[in-house]
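The values are calculated or read from the model by the stated rules, or taken from the named source; none is laboratory data. The structure displayed is predicted, hence computed values, not measured ones. Neighbour counts are summed over all protein chains in view; Cβ atoms, including those assigned to glycine, are modelled from backbone coordinates with ideal geometry. For accessibility, only protein heavy atoms count, side chains too; no ligands or nucleic acids. Shrake-Rupley method; radii C 1.70, N 1.55, O 1.52, S 1.80 Å.
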Amino acid sequence: MDFEIVVISAVAKDLATDESLKSFIEISEKVGIRIVVCESAMNHFGVKKSDYHPSIETTPDGFAYMFGLQESGYKTISL
């Protein structure tokens, strides 16, 4: 099963600045969970790609990315 986390909110900043999330990111990488951050959220919160762990990917528009996942048959949950 493929599992992805798409970040569209203030968590975009937290993933870059909150050291307590580092272990979560590393565990996610080890078990194959893909983390994708919305570049619009990054811009809004003043975060650059270089601020993230190397395993974190970005997408220009998190909502469009999620809609694409849904069209590809992925099930989604929004929190």
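Quick notes
- For segment 26-39, the condition holds for no residue, the condition being that it is on the phi < 0 side of the Ramachandran plot, polar (S, T, N, Q), part of a loop (DSSP other than H, G, I, E, B) and open to solvent by less than 90 Å² (accessible area, probe 1.4 Å).
- From the options A12, A16, residue that is out of contact with any strand residue (DSSP E or B) (no Cβ under 6 Å at 6 or more places or on another chain) and surrounded by 14 or more Cβ atoms within 10 Å (Cβ to Cβ): A16
- Put simply, of L79, L21 the only residue that is on the phi < 0 side of the Ramachandran plot and not in a helix (DSSP H, G or I) is L79.
- Screening segment 50-79 for residues that are charged (D, E, K, R) and open to solvent by 100 Å² or more (accessible area, probe 1.4 Å) and picking the one that is nearest to I8 (Cα to Cα) gives K75.
- Residue check, K30 among the charged types (D, E, K, R), modelled with pLDDT of 95 or more and over 16 Å from S78 (Cα atoms): yes
- Under the condition of being within 14 Å of the chain's Cα centre (by Cα), in a helix (DSSP H, G or I) and not aromatic (F, W, Y), the residues counted in segment 51-73 number 5.
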